[in-house]
Amino acid sequence: MSVATEDANAVVIERDAPLSTWFGIGGRADRLARPSSVEELLRCVRMDPALRVLGDGANLLVHDDGVSELVVCLSDPCWERIEIDQRTGRVLAGAGVSLPRLIKATIEAGLAGLEGLGGIPATVGGAVIMNAGGKFGQIGDAVQAVHAVDRAGIEVVRDRREIRFDYRRSGLNELIVTSVEFMLCPSDPAVLKERHKEVMAYKKGSQPLAADSAGCVFKNPLLDADLEGIGARGERVSAGRLIDLAGCKGMSVGGASVSERHGNFIVTSRGCLAADVLGLMGRVRARVADRFGVVIEPEIVVWRRDR
Ligand code: FAD
Ligand code: EPU
């Protein structure tokens, strides 16, 4: 990796930079910037309006060839501020704040709304873009407003009434989220702590949390016909269960394998290629389609060179 400055106004650009993801594999960025102010971020947008944003890399597979667009990482401390108003329940968090850290802070402040998101590695920006969640709640339900920069380099605010949060969807993907306002409810910290503990225990018992993965690789599908023993038409069912019932657990391609603990987790080992993960996803998808007539779509974000 080399470091160079792209213009006189000094946004430092790292060349051929490694991209840190939870899969622990994948290619590099031709150019990477870590802006330390909104002004620097705006300069990055002007430099490359097609830039990509790297959060915690917990839902991301970078192709082995890496990416040519500028990658922006909001890891500077200026994106990691948390402001909590215990009286009103209003919380403001920078896009780079770690979600587990925010959850801990809001539980300690006696504010309810995020404790069900335990066990989800993310930055606040990445969690809101993906509307991260599960059976214990989704982050969109607690969002009051999103502050962001658009691709024309304009600062914008989206009120919750303008945001169409849906299953793993925010509709905000074209924006670069800079901070998020939450509205939480006063509650007893001891009760929240207990709830968080229960959620963590469920995740630890059912997911390979210690392995290298990006969580669930496929979205849970909506059934378009009744499926005996699985669910009724219109129901969203667990892709992990379908993968398990289709006998995919333990299947592998190169260094990628389907977790024995949860069928929707692909875990990687040393030397694994992004191409192995994609190859395995294709085989799992084909087997589920063959067995149940259900097509499962990727949940993870895949970055490919030149899109
Ligand atoms: P990244 O993976 O870095 O990026 C994801 C997408 O968000 C990319 O398109 C990226 O460009 C975009 N993005 C990131 N930050 C910004 C920003 N500031 N502005 C604009 N775009 C941005 N997910 C769930 O929903 N529920 C779960 O229960 C869950 N469990 C998991 C368990 C494990 C062990 C792991 C590894 C993952 C799990 N995931 C889960 C997936 C992952 O945690 C979420 O998708 C999370 O929201 C990803 O956030 P991130 O910051 O890592 O985003
Ligand atoms: N199941 C199996 N075999 C498996 C996996 C699951 O039989 O291999 C069964 C379980 O026993 C349970 C049911 O399927 O009866 C549902 O399982 P689980 O509670 O794990 O939920 P899921 O629908 O498979 C979703 C999210 C997870 C989230 C959990 C818990 C998706 C794609 N996945 O999984 O999110 O953590 O609920 O809230 O929506 C992620 O998005 O990355 C992720 C991990």
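The values are calculated or read from the model by the stated rules, or taken from the named source; none is laboratory data. Everything numeric in this text was worked out from a predicted model, so none of it was measured. Here the Cβ is made from the backbone with ideal geometry for all residues, glycine too, and neighbour counts use every protein chain on show. Just the protein is used for accessible areas: all its heavy atoms, side chains included, with ligands, DNA and RNA removed. Shrake-Rupley method; radii C 1.70, N 1.55, O 1.52, S 1.80 Å.
Evaluate the charge dipole of the chain about its Cα centre and quote only its size in Debye, nearest 20, assuming +1 on the Cβ of each Lys and Arg and -1 on the Cβ of each Asp and Glu. Kindly include the intermediate steps, with their values, before the conclusion.
Values: 39 positive and 41 negative charges, 145 e Å.
For this selection, approximately 700 debye.
Can you tally the lysine pairs in the chain where the Cα-Cα distance is under 14 Å and the two residues are eight or more apart, or on different chains? Please report the intermediate quantities before stating the final value.
Numbers: 104/193; 104/197; 135/203; 135/219.
Lysine pairs, 8 or more places apart or on different chains, close enough: 4.
Computing the accessible area with a 1.4 Å probe over protein heavy atoms, can you report the carbon and sulfur percentage for the chain? Could you put the intermediate results ahead of the total?
Working: 6900 of 14420 Å².
Within the chain, the accessible surface is 48 percent carbon and sulfur.
Return the calculated 222 nm mean residue ellipticity for the chain, to the nearest 500 deg cm²/dmol, obtained by summing -39500 (n - 2.57) across DSSP H runs with n ≥ 4 and dividing by the residue count. Walk me through the intermediate numbers first.
Details: 6 runs with 71 residues, N = 307.
Result for the chain: -7000 deg cm²/dmol, rounded to the nearest 500.
Accessible area per residue, 1.4 Å probe, Å², for the stretch 80-204: what's the number?
Numbers: 6020 Å² over 125 residues.
In whole numbers, the stretch 80-204 has 48 Å² accessible per residue.
So what is the diffusion coefficient of the stretch 2-77 in µm² per second by Stokes-Einstein at 4 °C and 1.567 mPa s, using a Kirkwood Rh over Cα pairs?
Values: Rh = 12.5 Å.
Here the translational diffusion coefficient equals 103 µm²/s.
I need the trypsin sites (Lys or Arg not before Pro) found in the stretch 31-82, filtered to DSSP loop residues with at most 16 other beta carbons within 10 Å of theirs.
On the way: sites: 31, 43, 46, 52, 81; in loops: 81.
Listed in order of number, the matching sites are 81.
Give the shape of the chain as rounded, prolate or oblate, defined through the alpha-carbon gyration tensor: a ≥ b ≥ c are the square roots of its eigenvalues, a/c under 1.5 means rounded, and otherwise the shape is prolate if a/b is larger than b/c and oblate if not.
Working: a/c = 1.83, a/b = 1.16, b/c = 1.57.
It is oblate, given that a/c is not under 1.5 and a/b is not larger than b/c.
For q = 0.11 Å⁻¹, what log10 I(q)/I(0) does the stretch 208-303 give under the Debye formula with an equal point scatterer on each alpha carbon and no solvent?
These q points yield log10 I(q)/I(0) values of -0.29.
How about the stretch 117-226: which GluC sites (Glu not before Pro) there lie in a loop by DSSP and see at most 12 other Cβ atoms within 10 Å?
Details: sites: 155, 162, 174, 181, 194, 198; in loops: 174.
Sparse-neighbourhood loop GluC sites (Glu not before Pro): 174.
Write down the accessible area per residue of the stretch 2-77 in Å², having rolled a 1.4 Å probe over the full set of protein chains. Kindly include the intermediate steps, with their values, before the conclusion.
Numbers: 3050 Å² over 76 residues.
Per-residue value: 40 Å².
Any chance you could run the full-extension gain for residue 160 through residue 193? It's 0.36 nm times the residue separation minus the Cα-Cα distance, nm to one decimal. Spell out each step's value before the answer.
Values: separation 33, 0.36 × 33 = 11.88 nm, distance 2.70 nm.
Taking 0.36 nm per residue and subtracting the Cα distance, the gain is 9.2 nm.
By the scheme Lys and Arg +1, Asp and Glu -1, what is the net charge of all other residues having a beta-carbon under 9 Å from that of residue 22? Please report the intermediate quantities before stating the final value.
Values: positive: none; negative: 56, 212.
Residues near residue 22 contribute -2 overall.
For a protection proxy built on the mean count of beta-carbon atoms within 10 angstrom, sort 55-67, 84-96 highest first, please.
Ranking, from highest mean packing down: 55-67, 84-96.
Are there any trypsin sites (Lys or Arg not before Pro) in the stretch 135-175 that are in a DSSP loop and have at most 13 other Cβ atoms within 10 Å? List them by number. Present the calculation step by step, with values, prior to reporting the outcome.
Working: sites: 135, 151, 158, 160, 161, 164, 168, 169; in loops: 135, 151, 164, 168.
Listed in order of number, the matching sites are 135, 151, 164.
Over the stretch 208-303, give the accessible area per residue in Å² for a 1.4 Å probe, as an integer. Before the final figure, lay out each step's value.
On the way: 4600 Å² over 96 residues.
Counting only protein heavy atoms, the per-residue value for the stretch 208-303 is 48 Å².
Pairs of Cα atoms under 8 Å, at least six residues apart: use those to get the relative contact order of the stretch 129-182, whole percent. List each step's numbers first, then the result.
Details: 87 pairs, mean separation 24.1, N = 54.
Value for the stretch 129-182: 45 percent.
Once Rh is set to the Kirkwood radius over Cα pairs, what Stokes-Einstein translational diffusion coefficient, in µm²/s, holds for the stretch 29-158 at a temperature of 4 °C and a viscosity of 1.567 mPa s? Numbers along the way, then the final one.
Values: Rh = 15.7 Å.
Estimated diffusion coefficient is 83 µm²/s.
Sort largest first and round to whole Å: the equivalent ellipsoid semi-axes of the stretch 62-109, each the square root of five times a Cα gyration tensor eigenvalue. Intermediate results must be reported in sequence, preceding the final value.
Numbers: eigenvalues 196, 26, 11 Å².
In descending order, the three semi-axes are 31, 11, 7 Å.
Dipole magnitude of the stretch 2-77 about its Cα centre, charges +1 at Lys/Arg Cβ and -1 at Asp/Glu Cβ only, in debye to the nearest 20? Before the final figure, lay out the partial values.
Working: 7 positive and 13 negative charges, 12 e Å.
That gives a dipole near 60 debye.
Along the Cα→Cβ direction, 7 angstrom out, place labels at residue 105 and residue 230. What is the inter-label distance in nm?
With each label point 7 Å from Cα toward Cβ, the separation is 4.3 nm.
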